[in-house]
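Okay, so here's the structure we're looking at.
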Amino acid sequence: MNGYSGTLAPPGGLYVRALYDYDADDRTSLSFRQGDIIQVITQLESGWWDGVINGVRGWFPSNYCAVVTPPKDETRDAESSADEGDSGTLDGSQDLGSYSEASDTDDDGGQTQLPLEGTEPDKEEEAAFWIPQATPDGRLFYFNTLTGVSTMELPLETPSSLSENGPRDRTNVNMPESSRPPPELMAGGWHMYNGDTDDENSASDVEGPSGMAGSHSSLNNGLSTHDPMNPMSFIDQDDVDEPSARLDDKLVERLDDLKRLIVASIRKLDERLIVEEKVITEAVHQRTGERVCKAASKVLEIYRPWIATVESINLAPIGSTFQNPQIADFSVAKQKVYDMISELILTCQAVAAPLGDEWADNRGDSLEERLKNVRSVSRDLESNTAKLYFALQLLSDLMPIEDSPSSISSKRHTDMDLYNTYQRKPSTQFSRSPLGDDPLEMHSGGNNSKLKKFFGEVPAPVLPQAVPEEIPEFLQLDHEGEISYDLKSTPAQLKGGTLAGLVEQLTRHDRLDSPFNNTFLLTYRSFTTASELFDMLVKRWSIQPPAGLSREDYQLWVDKKQKPIRFRVVNILKSWFDNYWMEGNDEDAQALIQRVYAFAKDHVATTSTPGAAPLMTAVEQRARGQDAPTKRLVLTLNTSTPQPILPKHMKKLKFLDIDATEFARQLTIIESRLYGKIKPTECLNKTWQKKLAPGEADPASNVKALILHSNQLTNWVAQMILTQSDVKRRVVVIKHFVSVADKCRMLNNFSTLTSIISALGTAPIHRLNRTWGSVNARTMTTLENMRRLMGSTKNFAEYRDTLHKANPPCIPFFGVYLTDLTFIEDGIPSLIKKTNLINFAKRAKTAEVIRDIQQYQNVPYPLQPVPELQDYILTNMQSAGDVHEMYDMSLAVEPREREDEKIASFAKYDNISQQRP
């Protein structure tokens, strides 16, 4: 034992009487006088016990007390005395209150445990798990053995009164978990915003009782809110409603209003960080700490409805992070906001913390440095809040359009219930509908399934058809006549169009088509240039209204067409530079990057269109030659990375000494690295077949590197077999390579698998009848199964099905993709016949293949590289000759046989194979 492990006292079963007076020397200990009765909560083996006296909780030395059984009159006296006192309130701090007369005894008349005021019994138990520990430099901190949270001060629950008149005031703000918003912000949900304030409140309007209870003490450093805390906690997931709010324009507008209040409150906080006094006395420090903590408390209050709204948004209709990378950006931005809120709490606590004097061992930061830290964190918080709002704006464009009356009703219910999402808990008798439907209706829906069994499908209710509103001409598309649709499909699919028409579809003001945008940005290099695309986007940004519009129509045109188009242009540019940038680092690319940066700085930033700062950041990153951070899956494995299987003699490696499993692992690591480097632009226009002029950069260097690697592996396999003069040694080498290929199949490495079995099927190896006749049946069966898997029958049907079912990580056989891309490029015209319209359907098929390639680039292999083995493999592969030039070597090891010898050998080998196990 380390002296800090403790046991929880039995409920209501342990009281002690003070034998002597004790004055605590720190804020977390308990002071008492001789004769006081203390209830014990926790007992540590070190002799320090956790107890409650007169509504105050703290640690005390057990050797100053004696265990007693309190008579009923004593407990009643303690109760009445505690009821007369006031208890303080600070966010995140809650002292123990007295037990009331109603809770003095249970239903059976038995003595009950002294409850914590304003808490439930499970909260009392959680509070009992705090134990003191010491840092290496001797400072005391507290660790919760139940939740794993550490804090420098003892976190006590929030009492219900507004002052703290116990022997010793104490405060604390708990740190939030990294994956959740701060509980002190989320606890209130929409309570403060919907009940205590209205939509017109500004930061200056949120006035109330001082957030610094017990302001007579300069040691108080808590951030408070004057609203009572909602009892809901995010720790219990069963009590939290599922996100149900639809991310629409109204919700985004509401978030914008809240963001303005947040910015105003942060500005107020900045004003409180100015200290005019030159000499910092204790009184000045106390006033400054109270002022800063109160202003920060108001910032947190206004963040409550913001965070409640963000957490209530249902992003399920948008899809996963693979379908829309913006979801991952939103998650990162949200987490940064939560982290900055936690930092703000800590830095404001530090402002109110005692300043060190010249006699202190650890003087800490000066007041000026602490205020500077608060200012820096508040600026970062404001910036990250703006980024989160921008991410939500981008996601709002990805939400599918609701057209049916039922969906409109759903939207209305969602908006009305949004304020109550974090206030209500689901009923224990009926499951709540996301639309807030009556539980009886939900129950009756279950009987429909029984009716279907007897009478078939229940016919859908006939809904009145909404009459489509006539769209004014000035709000219609300008290039709709330049777009061609495939009317045979349902719904009609865009088939082709002019470049201007396609760019208009890319930045439509009336709706968003994410699959179209993804296809366009993946394949734009096949029908335009980057410079031309940027010019077209700038032209869309600079759209002008039609002549002759009235003032009302002009304002409608600005709101419904110009602003959405500009927002779409910024969004497309950012997505282009983040995820679809295909240009190099030459002079033309750098010049284009500078043009885009100037456009973002001089045009976007000077308007009300959001997104200028994130766009400039993305452009600056490209200007430095850096790729955007790759969003790769991180595998969560139950076991650690497997240890490499190393040969005994690493200095002098031999082929047969390398274990087949480790051989396959190292080949997989090498090939996975090559496969992950392939870029979308290398898959367009058959660039891998392009003949290069002298000095011209290779546009498909990564594809060619993967092809070269596969060919070299095939050459090495054949050479290793043919360099063995003895039949038995050739058989052993073949068996080893077949085993390696089978291990690659188990690793979903279809690329290396194909290279090995291709080598075994080449003419110089296939003709070795004597050698193949000596290979056992088990090896031959394994080889035939792999050949059947990778066979080209029915366009690689079995391989495609196996690949589709395989769980990542995986390395596909890239030759199939090259075959598909070649078929699309050669078999489908780039322009629609008898027109000059770009055949966008062709690009959609190409983009589908590219997305298949990309999905297997996102999951890494959990394998450990062994440089010595990889060097051995690569050296031998690169030194191997061409397999098509090895026929003479094959004839040398096994010369041609005469017909009579061939018949005899076949009969002999047939008998051997029948006897073989």
Discussion item. One quarter of the convex hull surface, Cα atoms only: what value does that give for region 708-839 in nm²?
Written reply: 10.4
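What's the Cα-based Rg to Rh of region 483-623, Rh via Kirkwood? Intermediate results must be reported in sequence, preceding the final value.
Values: Rg = 16.1 Å, Rh = 16.2 Å.
With Rh from the inverse mean 1/r over Cα pairs, Rg/Rh is 0.99.
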Item to complete: Assuming R0 = 51 Å, can you tell me the calculated FRET efficiency for the pair residue 587 and residue 283, based on Cβ-Cβ distance, to the nearest 0.05?
Response: 0.20
Discussion item. Students often get this wrong, so check it: of 794/845; 654/743; 250/574; 259/334; 387/601; 336/372, which have C-alpha atoms separated by over 22 Å?
Written reply: 250/574
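How charged is the neighbourhood of residue 715? Take every other residue with its Cβ under 10 Å from the Cβ of residue 715, and add Lys/Arg as +1 and Asp/Glu as -1. Could the numbers behind the result be given before it?
Working: positive: none; negative: 882, 885.
Charge balance in the 10 Å sphere: -2.
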Discussion item. Under the 0.36 nm per residue contour assumption, what length would be gained going from the current alpha-carbon distance of residue 489 and residue 368 to full extension?
Written reply: 36.7 nm
Worksheet item: Roughly what would the spin-label model give for residue 702 and residue 819, points 7 Å off Cα along C-beta, in nm?
Response: 2.4
Item to complete: Measure off 7 Å from each Cα along the Cα-to-Cβ vector at residue 787 and residue 69, then give the distance between these two points in nanometres to one decimal.
Response: 9.0
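Taking K and R as +1 and D and E as -1, what net charge do the other residues with C-beta under 15 Å from the C-beta of residue 792 add up to?
Numbers: positive: 787, 788, 794, 800; negative: 798, 801, 820.
The answer is +1.
Test of understanding: what is the full-extension gain from residue 34 to residue 620, defined as 0.36 nm times their sequence separation minus their Cα-Cα distance? Walk me through the numbers on the way to the answer.
Numbers: separation 586, 0.36 × 586 = 210.96 nm, distance 7.03 nm.
Result for the pair: 203.9 nm of gain on full extension.
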Discussion item. What does the extension gain come out to for residue 766 and residue 21, with contour length at 0.36 nm per residue minus their alpha carbon separation?
Written reply: 258.5 nm
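Tell me, what is the FRET efficiency for residue 874 and residue 729 to the nearest 0.05, using R0 = 25 angstrom and their Cβ-Cβ distance as r?
Values: r = 24 Å, r/R0 = 0.94.
In this case the efficiency is close to 0.60.
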Worksheet item: FRET efficiency for residue 547 and residue 602, Cβ-Cβ distance as r, R0 = 30 Å, nearest 0.05?
Response: 0.65
Worksheet, complete the sentence: Going fewest to most other Cβ atoms within 10 Å around each Cβ, 728, 652, 686, 298 line up as 652, 728, 686, 298
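Throughout, read-outs are computed from the coordinates displayed, never taken from laboratory work. All values derive from a computational prediction rather than experimental measurement. Don't worry about glycine lacking a Cβ; one is built from the backbone with ideal geometry, like all the others, and counts go over all protein chains shown.
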